[in-house]
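To keep things clear, I will list the structure first and then write my remarks on it.
The values are calculated or read from the model by the stated rules, or taken from the named source; none is laboratory data. No experiment lies behind these values; they were computed from the predicted model shown. FYI the Cβ positions are ideal-geometry reconstructions off the backbone, even for glycines, and counts take in every protein chain you see.
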Amino acid sequence: MASTRRGSGERTLVWFRGKDLRLGDHAPLASALATGGELVPLFVLDPYFFAPARARELPHRMQFLLESLEALQKNVAHLGSQLLLVAGKSVELVPQLARQLHVTRVVAQRWTEPFGRERDRRITAELSVPFELFDGETLMPPETVRNGSGQPFSVFTPFARALRRQLPQPSPLPAPRRLPPLPADVPIQSVPLPTLADLGISENPRLHKGGERAARGRLEAFLAGVAARYDRQRDRMDLPGTSRLSADLKFGTLSVRRVWAALQPLAEEAPRAWEVFTNELLWREFTHASLWDRPQLLSQPFRADFVGFPWRDDDAGWQAWTDGHTGYPVVDAAARQLLAEGFVHNRARMISASFLTKHLLIHYARGEAHYMKYLTDGDWASNNAGWQWSAGCGTDAQPYFRVFNPTLQGEKFDPNGDYVRRYLPELGRLPAKFTHRPAEAPRKVLDEAGVTLGATYPEPIVDHAMARDRFLKIAESHLKR
């Protein structure tokens, strides 16, 4: 089919891909608009995510994704174009659509994950027009920060120092004021956006709302609220001391460049809070750079001496941990927050991961997969790095011999027990003194609070001191070999 050209004669296929669900600071879109030619906005409903059986394995992410896609559809339409939705495998559809639509190039945002890079390699091989990939998932291209020997960093602190030195002041691209209409000769009909019901997923009203406008609202609320206290409150599980922007960064409803730029006034108003928060963004950069350079991290521990580590098969312990019935309140609260809200406070994530891997000696990959299933902000690079860090086998990992005491961690970072009570209502009437150690409460206190150990709330499934000693002996023996 011949196409009617206008402007420069360019026709660009702008492929939105699930990590860039926005119009502001969108480099591929800006590049397409700069040609002055036609553009076709596209999103592929790939069965890798959208097949109902697959979608049900990541229900919270799919809810956020669908809401963000719906918002993107409306935004594109409001600016005068249409987001074309097509169902099928992207490795087959994108080359096919490029031919059918007579585009002169295809543009998209780069992915870090090895399976995304392989997808792009296959598509590049099939396309007869240029396939241009733009950075935008991270502040800097993940392969650019190197140590003095030109090698990837394996420790965070020197990586962060190097990145801070190299990072130019981000200048996010503005959102377009209008988009050219979809070319009249486009032969493809957009399919309807599937609903949660279509995918067999029940809506969870406790999840954050997806979409670019909702993301901007969260950023503005953070900057106007707790940002200046971030350094003092981020570890407090009982306080709203974090940004809650992780899902927005994962799905690209906000770009990380936009967040970094918006934080600049904080550098003068609350420099310590700015430093601590930007360090979190740099940790995210570190996880993506590590996965870019070491794609095997998704299936292997970073530390070679952890290969063959004697993890245990403990189905009863696993079930107690996933259900929130370990008898350690902060571990159980984290488990239930994950299932209920698709989110877990970062301090609680670390405590929970340490408990699974070191108290129960269950393979970190099982916990990593469980979190990826239910986290709304489930990001392959960050989630894997966090779990390997907690298990002691990752890049810049905490020393293997550091084993969090969940009771002391709870008392330090949830001093009044409010976080625990929010997710463990059965402990709601316990005095704060015993919220993190119900097994030590006198019988009278338990009776008055309506708590029966072993019935309304379990006794600890493992003794902390015993579990710590067991892990250390096993780890020391294995690592010596």
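Filter the stretch 302-350 for residues that are more than 26 Å from Pro59 (Cβ to Cβ) and among the aromatic types (Phe, Trp, Tyr); which is surrounded by the fewest Cβ atoms within 10 Å (Cβ to Cβ)?
Ranking the candidates gives Trp311 first.
What are the residue pairs meeting all of these: first residue in the stretch 170-181, first residue exposed (fewer than 10 other Cβ atoms within 10 Å of the Cβ), second residue not small (Gly, Ala, Ser), Cβ atoms under 9 Å, and 6 or more apart or on different chains?
From the stretch 170-181, the pairs are Ser171/Arg257; Arg177/Leu79.
Being closer than 29 Å to Ala71 by Cβ, of a type outside the set (Phe, Trp, Tyr) and surrounded by fewer than 18 Cβ atoms within 10 Å (Cβ to Cβ), is that true of even one residue in the stretch 141-155?
Here is the first cut: in the stretch 141-155, the residues closer than 29 Å to Ala71 by Cβ are 141-142.
Pick out the ones that are also of a type outside the set (Phe, Trp, Tyr) and you get 141-142.
Pick out the ones that are also surrounded by fewer than 18 Cβ atoms within 10 Å (Cβ to Cβ) and you get 141.
Scanning the stretch 141-155 turns up at least one residue that is closer than 29 Å to Ala71 by Cβ, of a type outside the set (Phe, Trp, Tyr) and surrounded by fewer than 18 Cβ atoms within 10 Å (Cβ to Cβ).
Scan the stretch 214-246 residue by residue and report those that are of a type in the set (D, E, K, R) and either closer than 30 Å to Gly417 by Cβ or assigned by TED's automatic domain parsing to the domain that holds Gly18 (or both).
Within the stretch 214-246, Arg218, Arg229, Asp231, Arg232, Arg234, Asp235, Arg236, Asp238, Arg244 qualify.
Taking the criterion of being in contact with a Pro (Cβ under 9 Å, 6 or more places away or on another chain) and modelled with pLDDT of 95 or more, would at least one residue in the stretch 464-474 satisfy it?
The answer is yes, given that some residue of the stretch 464-474 is in contact with a Pro (Cβ under 9 Å, 6 or more places away or on another chain) and modelled with pLDDT of 95 or more.
Taking the condition within 16 Å of Leu182 (Cβ to Cβ) and not assigned by TED's automatic domain parsing to the domain that holds Ala262, does Gly88 pass?
On the way: within 16 Å of Leu182 (Cβ to Cβ): no; not assigned by TED's automatic domain parsing to the domain that holds Ala262: yes.
No, not satisfied.
Within the stretch 266-282, track down each residue that is in contact (Cβ under 8 Å) with a residue 12 or more places away in the chain, among the aliphatic types (A, V, I, L, M) and assigned to a helix (DSSP H, G or I).
Listed by number, the residues that qualify are Leu266, Ala273, Val276, Leu281, Leu282.
Quick one: is Glu137 in contact with a Phe, Trp or Tyr (Cβ under 8 Å, 6 or more places away or on another chain) and either under 25 Å from Leu282 (Cα atoms) or in contact (Cβ under 8 Å) with a residue 40 or more places away in the chain (or both)?
Yes; evaluated as a whole, the condition is true for this residue.
Yes/no matrix, rows are residues, columns are (1) β-branched (Val, Ile, Thr); (2) not in a loop (DSSP other than H, G, I, E, B):
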{"site": "Arg284", "(1), (2)": "no, yes"}
{"site": "Leu291", "(1), (2)": "no, yes"}
{"site": "Leu297", "(1), (2)": "no, yes"}
{"site": "Asp305", "(1), (2)": "no, yes"}
{"site": "Arg312", "(1), (2)": "no, no"}
{"site": "Gly317", "(1), (2)": "no, yes"}
{"site": "Val331", "(1), (2)": "yes, yes"}
{"site": "Ser352", "(1), (2)": "no, yes"}
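Six or more apart or on different chains, Cβ atoms under 9 Å: show the pairs whose first residue is in the stretch 191-209 and at negative phi and assigned to a helix (DSSP H, G or I) and whose second is crowded, with 16+ Cβ neighbours inside 10 Å and acidic (Asp, Glu).
Cβ pairs passing all conditions: none.
Quick test for you: out of Arg294, Arg234, pick the one residue that is surrounded by fewer than 17 Cβ atoms within 10 Å (Cβ to Cβ), at pLDDT 95 or above and under 19 Å from the mean Cα position of the chain (by Cα).
Numbers: Arg234 fails: surrounded by fewer than 17 Cβ atoms within 10 Å (Cβ to Cβ).
After applying the criteria, what remains is Arg294.
Being under 23 Å from Ser31 (Cα atoms), of a type in the set (D, E, K, R) and at pLDDT 95 or above is the requirement here; does Glu137 meet it?
Working: under 23 Å from Ser31 (Cα atoms): yes; of a type in the set (D, E, K, R): yes; at pLDDT 95 or above: yes.
Yes.
Under 6 Å by Cβ, and 6 or more places apart or on different chains, what pairs join a residue from the stretch 216-227 that is under 12 Å from Phe277 (Cβ atoms) and part of a helix (DSSP H, G or I) with one that is at pLDDT 95 or above and of a type outside the set (A, V, I, L, M, F, W, C)?
Cβ pairs passing all conditions: Phe222/Ser243; Val226/Gly241.
Restricting to the stretch 76-104, name every residue that is on the phi > 0 side of the Ramachandran plot and within 30 Å of the chain's Cα centre (by Cα).
Once the filter is applied, which keeps residues that are on the phi > 0 side of the Ramachandran plot and within 30 Å of the chain's Cα centre (by Cα), the stretch 76-104 yields only Gly88.
Quick check on the stretch 305-328. Is at least one of its residues in contact with an Asp or Glu (Cβ under 9 Å, 6 or more places away or on another chain) and of a type in the set (Val, Ile, Thr)?
For the stretch 305-328, residues in contact with an Asp or Glu (Cβ under 9 Å, 6 or more places away or on another chain) and of a type in the set (Val, Ile, Thr): present.
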